[in-house]
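The values are calculated or read from the model by the stated rules, or taken from the named source; none is laboratory data. These numbers were taken from a predicted model, which means no experiment stands behind them. Keep in mind that these areas ignore ligands, DNA and RNA; they rest on the heavy atoms of the full protein, side chains included. Shrake-Rupley method; radii C 1.70, N 1.55, O 1.52, S 1.80 Å.
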Amino acid sequence: MQQVDLISSRDGIETLEGFAVAFFGAMGVAGYEQRESENYTGGTYFIGKTSESEFNISISDDPQHEDMPYWVEVSALHASVVDDQVRERLLPQGFRVALVENFGETTERRATY
């Protein structure tokens, strides 16, 4: 499995839970779970999976991500699966999404879809 880091947002959504519900719906995730951990900003994160991918959604605490405050860690067999999912499922439903390389590092780079 490869891990891909995304940041995202969608107009009209202002809470982590609201974003997670919309994201999982767009991705076809039937069941998901809210979890608590002090390792995440706000103490809460969401996990869900499909047959192709696993998702972990939380709030990014990086000030550079204010325009897309939701951090989505994706595990998939191939990065191309993630690209296809973003283009086919998220963008048509109004999500703004960026791929982030070196998440949280000084060498972090963002590529917006």
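Hey, any idea what % of the chain's accessible area is carbon plus sulfur with a 1.4 Å probe? Don't skip to the answer; put the middle values down first.
Numbers: 2760 of 6420 Å².
Of the solvent-accessible surface of the chain, carbon and sulfur hold 43 percent.
Using θ = phi - 60° and the Karplus form 6.51 cos²θ - 1.76 cosθ + 1.60, what ³J(HN,Hα) does each residue of the stretch 17-23 get, whole Hz, x for Gly and Pro?
4, x, 5, 4, 4, 5, 4
Length gain on complete extension for the stretch Glu88 to Thr106, per 0.36 nm per residue less the alpha carbon to alpha carbon distance?
On the way: separation 18, 0.36 × 18 = 6.48 nm, distance 3.10 nm.
Result for the pair: 3.4 nm of gain on full extension.
Using only alpha carbon pairs under 8 Å that are at least six residues apart, calculate the relative contact order of the chain and give it in whole percent. Write down the numbers at each step before the final one.
Details: 209 pairs, mean separation 37.6, N = 113.
Relative contact order, the chain: 33 percent.
Would you work out the relative contact order for the stretch 43-95, in percent, from Cα pairs under 8 angstrom that are 6 or more residues apart? Numbers along the way, then the final one.
Working: 51 pairs, mean separation 14.4, N = 53.
Reported relative contact order: 27 percent.
Can you work out the accessible area per residue across the chain, with the rest of the protein chains kept in place, probe 1.4 Å, in square angstrom?
Working: 6420 Å² over 113 residues.
On a per-residue basis, 57 Å².
For the stretch 28-113, what class follows from the C-alpha gyration tensor (a ≥ b ≥ c being the square roots of its eigenvalues): rounded when a/c is under 1.5, otherwise prolate if a/b is larger than b/c, else oblate? Before the final figure, lay out each step's value.
Details: a/c = 1.62, a/b = 1.08, b/c = 1.50.
Note, shape of the stretch 28-113 comes out oblate.
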